[in-house]
Structures are given as structure tokens and as C-alpha cells.
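Right, one structure below, let's go through it.
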Amino acid sequence: PNIFSKYPDCGVKTFDVSTILGIHNTVMSLSYGYKHIWSHLTTSQNFGLLHTIVNSNTPVIFLTRENVPKKCLSLLLAKTSGVWGKRDDINVSYSDLTIDNDFMSKLSYFADRYVNSRRHFRQFLSIYDNVFYVTYDDIYNTNDINDGLNILTKMIEFLDIDTNLINESKFRNYISPKKRQNPVDTIKTIPNIDKVERWAQKKYKRSIFED
């Protein structure tokens with residue numbers, strides 16, 4: 001479960017660190033673990049949580065995105081549309097979206113925050129051996145789907161979970177390009193999207209049109 005996402009927007013950020021740790025302890029007593037997105041908590045909450053995890057020798061899967069501009073564009077598009085994740089019952093259109101200075105300012109802010117936070121968390125976890133580092137690109141953007149499956153197997157082994165629990169057909173379906181919320185063809189329909197592409201290329205040397 002993504003345990004901190006169930007609370008009202010920003011509501012969980014009002015919790016003190018001891019409450020956050022109480023939620024963590026309860027979930028860990030009932031499950032293998034949980035998914036946590038760092039932006040759902042404040043800086044002090046996140047580092048309090050990481051400190052507890054390190055001290056208890058709890059394994060951590062540290063998942064990041066290499067293509068920062070595309071990751072942050074997807075975030076901003078989700079915030080704009082209100083649709084989070086691929087939905088078969090909703091046809092999202094960005095034809096009326098305006099790429100203006102306000103949009104670009106928000107996109108730049110999200111990207112800077114992501115890069116800085118990723119760096120800080122990696123630095124903190126550098127003292128800790130019980131971490132498996134993996135990128136979105138390692139799993140989804142491979143020429144051979146078996147490469148992604150091999151990464152998944154290594155993660156399962158790292159967590160000391162029986163690899164026989166892996167359902168290969170479900171995994172292949174899950175990482176299919178058809179499951180992506182904002183495929184390249186959809187992004188290209190956004191008016192003036194070339195403005196974002198120029199920014200991505202200039203600042204990050206990456207393309208938002210990469211698969």
C-alpha cells in the first residue's frame with residue numbers, strides 16, 4: 001500500500017514525526033512493506049522515517065527517474081487533469097492546455113525540487129548498506145522485457161522473498177506501454193509542447209519524447 005496517500009491532501013504533513021513512525025510500525029507488522037512517495041511528507045517527517053528505517057535495518061527500494069523533465073511533466077499534467085494513473089474509463093485530452101510562463105515556472109520548480117530531494121536522500125542513505133537502487137528506466141525502458149524481469153527478480157531476492165511469487169504474465173502486462181498515462185503520442189498533442197522540449201534539452205540534456 002501507499003500508506004500516506006490515503007490522507008487528505010497535505011493533511012498528513014500536520015502529523016508529528018512520532019505519529020508517522022507509529023503508522024510505519026503498524027504497517028510493517030502487517031505487511032512486507034509499503035510504497036512511500038517522499039513528497040507526501042515534510043522534510044523532517046521523511047528524515048525521521050529514514051532514520052528509523054536505517055536503525056531497524058529495514059530494506060529500502062530506492063526508485064527514481066533518470067528523465068527528470070519527463071517525470072515532472074507527467075506530474076504537472078496529472079495535477080492539471082486530476083487524473084493519476086492510466087484509466088480505461090477516462091480519455092484525457094490536453095488540447096486545451098496552455099504552455100505559458102506560469103506552466104513553465106511550475107515545471108521548473110517541480111524539477112529543481114525533485115533533483116535536490118533525490119540528492120539529499122541518496123546522500124543520507126549512502127551510510128546504509130541495505131538499499132537497492134533502481135530507476136524507472138531500468139524496469140520500463142528496456143529493449144528487452146526480460147531485462148526488466150531480471151531487475152524485478154533481483155529486487156525480490158534482495159527483500160528475501162520467494163521469487164516463485166513473481167507472476168510473469170502480470171508483470172509483462174503491468175509494464176506494457178499501453179499502461180502508460182502519458183505516452184509520447186499523447187504528449188505531442190499538447191499545443192506548444194516544443195517549448196517544454198527546448199527547456200528539457202537545454203537544462204537536462206534529455207527529451208520529453210523519449211519512451
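Filter segment 182-203 down to the residues that are open to solvent by 50 Å² or more (accessible area, probe 1.4 Å), touching a residue at least 60 places away in the same chain (Cβ under 8 Å) and either closer than 19 Å to R65 by Cα or among the charged types (D, E, K, R) (or both) and list them by number.
The answer is K195, K203.
Kindly indicate which of D96, D112, D129, D137 is within 29 Å of L77 (Cα to Cα) and loosely packed, with under 12 Cβ neighbours inside 10 Å.
D96
Given the condition open to solvent by less than 40 Å² (accessible area, probe 1.4 Å) and under 16 Å from the mean Cα position of the chain (by Cα), answer yes or no: does some residue in segment 159-172 qualify? Give the steps one after another, and end with the answer.
Residues of segment 159-172 open to solvent by less than 40 Å² (accessible area, probe 1.4 Å): 161, 171.
Those still in the list that are under 16 Å from the mean Cα position of the chain (by Cα) too: none.
Checked against the condition, which is being open to solvent by less than 40 Å² (accessible area, probe 1.4 Å) and under 16 Å from the mean Cα position of the chain (by Cα), segment 159-172 yields no hits at all.
Just checking, how many residues over segment 21-76 are open to solvent by less than 60 Å² (accessible area, probe 1.4 Å) and charged (D, E, K, R)?
Going through segment 21-76 one residue at a time, the tally reaches 3.
Any residue in segment 103-123 that is more than 14 Å from T64 (Cα to Cα) and aliphatic (A, V, I, L, M) sitting within a Cβ distance under 7 Å of a residue that is assigned to a helix (DSSP H, G or I) and open to solvent by less than 30 Å² (accessible area, probe 1.4 Å)? List the pairs, counting only those 6 or more apart or interchain.
Close Cβ pairs (under 7 Å, with a partner that is assigned to a helix (DSSP H, G or I) and open to solvent by less than 30 Å² (accessible area, probe 1.4 Å)) amount to L107/C72; L107/L73; L107/L76; L107/V196.
Please verify whether segment 192-200 includes one or more residues that are assigned to a helix (DSSP H, G or I), among the aliphatic types (A, V, I, L, M) and at pLDDT 95 or above.
For segment 192-200, residues assigned to a helix (DSSP H, G or I), among the aliphatic types (A, V, I, L, M) and at pLDDT 95 or above: present.
Search segment 31-43 for residues that are closer than 14 Å to F15 by Cβ and pair each with any residue that is part of a helix (DSSP H, G or I) and charged (D, E, K, R) when their beta-carbon atoms are under 7 Å apart and the residues are at least 6 apart or on different chains.
Between residues of segment 31-43 that are closer than 14 Å to F15 by Cβ and residues that are part of a helix (DSSP H, G or I) and charged (D, E, K, R), the close pairs are L41/K13; T42/K13.
Residue check: is N46 more than 13 Å from V115 (Cα to Cα) and part of a loop (DSSP other than H, G, I, E, B)? Before the answer, list the steps.
Working: more than 13 Å from V115 (Cα to Cα): yes; part of a loop (DSSP other than H, G, I, E, B): no.
No.
May I ask you to list the residues in segment 107-149 that are assigned to a loop (DSSP other than H, G, I, E, B) and in contact with a helix residue (DSSP H, G or I) (Cβ under 6 Å, 6 or more places away or on another chain)?
Matches in segment 107-149: Y128, T142.
The values are calculated or read from the model by the stated rules, or taken from the named source; none is laboratory data. Quantities reported herein were computed from a predicted structural model and do not represent experimental measurements. Backbone-built Cβ (ideal geometry, glycine too); neighbour counts: all protein chains shown. Accessible surface is based on the protein model in full, side chains and every heavy atom, while ligands, DNA and RNA are left aside. Shrake-Rupley method; radii C 1.70, N 1.55, O 1.52, S 1.80 Å.
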